[in-house]
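In what follows, a structure is listed as structure tokens, so that the remarks can point back to it.
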Amino acid sequence: MHADPKGVLTGIHFIDGDHAACEGALAAGCRFAAGYPITPSTEVVERFAARIPLVGGMFIQLEDELASSIAIQGAAWAGKKVMTVTSGPGLSLMMEHIGLAAIAEVPSVWVDVQRGGPSTGLPTLPAQADMMQVKWGSHGDYEPIALSPNSPQECFDLMIKAFNLAETYRVPVFFMMDEVVGHMTERVVIPEASEIEVVERKWTAKKPGEYRPYETDASLVPEMVKAGDGYRIHITGLTHDERGYPALNPQAQDKLVKRLINKIRANADKLVDVREDGVEGADVVVVSFGITSRVAGAAVDAARAAGIKVGHLRLVITWPFPAQRIRQLAATVKAFVVPELNMGQMALEVERAAAGKAAVLTLPHAGGTVHEPAAILAKIKEAAQ
Amino acid sequence: MSATDVLSCEFENPVMPYLRQERLPHIWCPGCGIGTTVNCFTRALADSGMDLDKVAIVSGIGCTGRVAGYMNLDSFHTTHGRAIPFATGLKLANPELKVVVYSGDGDLSAIGGNHLIHAARRNMDLMVVCVNNFTYGMTGGQVAPTTPLGATQTTMPYGNFETPFNLPFLADACGAVYVARWTVYHVKQLAKAMLEGLKKKGFVFIEAMAPCPTLYSRRNRLGDGVDQLKYYKEKSKIVNGANTKDVGLSLFQGDIVVGKFVDRERPTWLDAMNEHFTQHFGEKFTPYGVSHAQD
């Protein structure tokens, strides 16, 4: 279906990534957001708070990130499309509720405008060091989805995709911005509402009495209802059966956890979103994401000018990781170069997928600024030898 | 009549339609007071005449946290301490719902204390039932923010020396519009308070004192659940309108002041938002959730 025009600010704008992310959420149909102020993400909810009264929806600034990350889940069960927005320290506080969204299968978008860490770290400066935290941070096994925009335009475009994926798979979807993408101002084109495809929640057609909250078909994604519609649902963070009732035994655990994992793993091929530039026949492939992909692009151009056969693979969806594609390329390339604003996180995934068939040269960076293109170029040259 | 005869007779307990009968028996110990509070709650629901499809219940974690799972309502068993913010999101996203938070003293006033005070301050339209058994029952009897001075708990093995919360005073000071305390001896009054709470608009806080024979009474040599009811009967004094400053329960097996302490009017968070935005935006603003207004 098409976007609700009330939330779509059609036109050509000159705005930063945080503002564009907010517009993406409104266009996607987000009508409930909760958050707690934290640099460098706050502009997203500031704009949401200013815009939502006339769009028709709700923003509430709560007392902390624990409250924000569970208030959105209450709102999702009342039928809204929901979002919370934060950065490093706030994300750390949200970990328990990521698990609740995973086990109770709450469609929700979690925006993380990454800054340097650990702890208070570098509040106003960029990093990409929360990539493993969103994958593994909450206890127990779960499979999130994460997207990494590299421009304000993508903060708009991919945010719509983030909401669509949250509704399709009923998982927490992470929108992994960073301080530079959040604060860089560029041209952002917002199309007509009729040109924006949005995914509606997977509502059940069943009647109360027939409906079981966690019964699934081959998609492994259960149908949803909302509180107040007479279904008298029970939803719990405990391991549960198809009725949603606690079932504290190994059989129920096996069935539930495997389904939660498989609804993403079985669709991993469909979820892959990489942007490839000259990877076929390349000797070296640079694997990057987010703001680092912009810097890497300059290095790739310079390497080509120097006669090196280098390709560029950008991860738009970082989780699930496109292991299959990396495995294919590992058979043909000499080496991968992985620059990232952390001390080596997604590089571990590249190494895992390459499985020793191609060299993986990491280019870690502690954050606070972006890489120098020259540093990436030097690494490409080293890889090409 | 033997016990088996009683169970097999045709009489239908009036409480049963309000429960998810397929989930019984419940997990609570013999003598536990939580079930008594649930009985009072079902009576309040019955007397309210409300459309039960529009009543939702949210619990945190702990023995009382299991209440949501037994109620035949839209019910949410959330994370430890976070029932109030979950309920806030549920209520604000659909103001047509009456949302009840039902949890224990540890869940609501220790790990969830920050949410309790802010929801009261905002006058969020929620009814909070806090079953206070002075201990962490589910985890085996550790000290709680409500444990009286001198009472022994597993993590206060030589007796508690921490000053406990006076929960009605806390809720009152933060702005709750309705504050009451009853014990599970006072079943009529507790059910009536819950009924008033269901009808009241704004942040309602009802403290329900309940025995935990397994982990509080036994460890403190206070006998069983019946002995605790005797204590409630003998030491309770009804003082409606009491100054909440004076109703603390810090003394071990001390006097208990029960009653309806606060009943006042104040705009809810949502009413305040709608009024403010109407003033600010004029006709461009459509009041949020008003077409579904309660009452």
Practice problem: Please specify each residue of segment A:333-356 satisfying the condition of being assigned to a helix (DSSP H, G or I) and buried (at least 20 other Cβ atoms within 10 Å of the Cβ). | Solution: A:Met346, A:Ala347, A:Glu349, A:Val350, A:Ala353, A:Ala354
Quiz item: When both residues are 6+ apart or on different chains and their Cβ atoms are under 6 Å apart, which pairs have a first residue that lies in segment A:6-24 and is part of a loop (DSSP other than H, G, I, E, B), and a second that is not aromatic (Phe, Trp, Tyr)?
Solution: A:Val8/A:Ala27; A:Val8/A:Ala193; A:Leu9/A:Glu23; A:Leu9/A:Ile190; A:Thr10/A:Ile190; A:Thr10/A:Glu192
Quiz item: Within segment A:58-74, how many residues are part of a loop (DSSP other than H, G, I, E, B) and either more than 8 Å from chain B (Cβ to nearest Cβ) or surrounded by 24 or more Cβ atoms within 10 Å (Cβ to Cβ) (or both)?
Solution: 1
Practice problem: Specify the residue that is nearest to A:Ala27 (Cα to Cα); the eligible residues are those in segment A:196-223 that are in contact with a strand residue (DSSP E or B) (Cβ under 8 Å, 6 or more places away or on another chain) and free of Cβ contacts under 8 Å to residues at least 60 places away in the same chain. | Solution: A:Lys202
Quiz item: If a residue has to be within 19 Å of B:Met209 (Cβ to Cβ) and under 14 Å from the mean Cα position of the chain (by Cα) to count, how many in segment B:114-145 make the cut?
Solution: 9
Quiz prompt | Condition met for A:Ala146 (farther than 30 Å from A:Lys258 by Cβ, of a type outside the set (D, E, K, R) and assigned by TED's automatic domain parsing to the domain that holds A:Ser41) | solution = no
Practice problem: Could you check A:Thr236 against (1) among the hydroxyl-bearing types (Ser, Thr, Tyr); (2) surrounded by fewer than 20 Cβ atoms within 10 Å (Cβ to Cβ); (3) within 14 Å of another protein chain (Cβ to nearest Cβ) and say which number it fails? | Solution: (2)
Exercise. Could you grab me the full set of residues in segment B:151-183 that are surrounded by fewer than 17 Cβ atoms within 10 Å (Cβ to Cβ) and either within 14 Å of B:Gly259 (Cα to Cα) or out of contact with any strand residue (DSSP E or B) (no Cβ under 6 Å at 6 or more places or on another chain) (or both)?
Key: B:Pro157, B:Tyr158, B:Gly159, B:Phe161, B:Glu162, B:Thr163, B:Ala173
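Under the condition of being at the interface with chain B (Cβ under 7 Å from one of its Cβ atoms) and of a type in the set (A, V, I, L, M), which residue from segment A:75-86 is nearest to A:Ile233 (Cα to Cα)? Full working, then the answer.
Initially, segment A:75-86 is screened for residues at the interface with chain B (Cβ under 7 Å from one of its Cβ atoms), giving A:75, A:77-80.
Okay, now just the ones that are also of a type in the set (A, V, I, L, M), so A:75, A:78.
Numbers: A:Ala75: 15, A:Ala78: 12 Å.
The residue in question is A:Ala78.
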Self-check item: Among (1) out of contact with any Gly (no Cβ under 6 Å at 6 or more places or on another chain); (2) assigned to a helix (DSSP H, G or I) - the single one A:Cys155 does not satisfy
Solution: (1)
Self-check item: Single residue of A:Glu167, A:Glu186 found to be in the same structural domain as A:Ala76 (by TED's automatic domain parsing), outside any loop (DSSP other than H, G, I, E, B) and surrounded by fewer than 17 Cβ atoms within 10 Å (Cβ to Cβ)
Solution: A:Glu186
Quiz item: Looking at (1) within 12 Å of another protein chain (Cβ to nearest Cβ); (2) under 22 Å from the mean Cα position of the chain (by Cα), can you tell me which one A:Glu43 breaks?
Solution: (1)
Exercise. Just one of (1) more than 30 Å from A:Glu215 (Cβ to Cβ); (2) surrounded by 17 or more Cβ atoms within 10 Å (Cβ to Cβ) trips up A:Arg275, so point out which.
Key: (2)
Exercise. Can you tell me which residue among A:Glu197, A:Glu223 is more than 23 Å from B:Tyr18 (Cα to Cα) and surrounded by fewer than 18 Cβ atoms within 10 Å (Cβ to Cβ)?
Key: A:Glu197
Practice problem: List the number of the failed condition for A:Gly244; all other conditions in (1) within 11 Å of chain B (Cβ to nearest Cβ); (2) on the phi < 0 side of the Ramachandran plot hold. | Solution: (2)
Quiz prompt | Test set (1) away from every other protein chain (no Cβ under 13 Å); (2) in a helix (DSSP H, G or I); (3) modelled with pLDDT of 95 or more - B:Tyr102 fails condition number | solution = (2)
Quiz prompt | Wholly within segment B:168-239, strands (runs of 3 or more DSSP E) carrying at least 1 residues that are over 19 Å from the mean Cα position of the chain (by Cα) and at pLDDT 95 or above | solution = B:236-238
Quiz prompt | Members of segment A:362-384 found to be surrounded by fewer than 18 Cβ atoms within 10 Å (Cβ to Cβ) and either touching a Phe, Trp or Tyr at 6+ places or on another chain (Cβ under 6 Å) or of a type in the set (A, V, I, L, M) (or both), listed by number | solution = A:Ala366, A:Ala374, A:Ala375, A:Ala378
Quiz item: Looking at B:Val258, is it surrounded by 14 or more Cβ atoms within 10 Å (Cβ to Cβ) and either small (Gly, Ala, Ser) or more than 20 Å from B:Arg122 (Cα to Cα) (or both)?
Solution: yes
Quiz item: So B:Gln253 clears everything in (1) crowded, with 16+ Cβ neighbours inside 10 Å; (2) outside any helix (DSSP H, G or I) except one condition, right? Which one?
Solution: (1)
Quiz item: Just a yes or no: is a residue in segment B:77-89 surrounded by 23 or more Cβ atoms within 10 Å (Cβ to Cβ), away from chain A (no Cβ under 14 Å) and in a helix (DSSP H, G or I)?
Solution: no
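Within segment B:195-205, track down each residue that is among the hydrophobic types (A, V, I, L, M, F, W, C) and either surrounded by fewer than 24 Cβ atoms within 10 Å (Cβ to Cβ) or under 20 Å from B:Tyr231 (Cβ atoms) (or both).
B:Leu195, B:Leu198
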Practice problem: Taking only segment B:125-152 into account, find how many residues are in contact with a Ser or Thr (Cβ under 6 Å, 6 or more places away or on another chain), in contact (Cβ under 8 Å) with a residue 60 or more places away in the chain and not in a loop (DSSP other than H, G, I, E, B). | Solution: 3
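The values are calculated or read from the model by the stated rules, or taken from the named source; none is laboratory data. Model, not experiment: these values are computed from the prediction. As a convention, Cβ positions derive from the backbone with ideal geometry for all residues, glycine included, and neighbour counts pool all protein chains shown.
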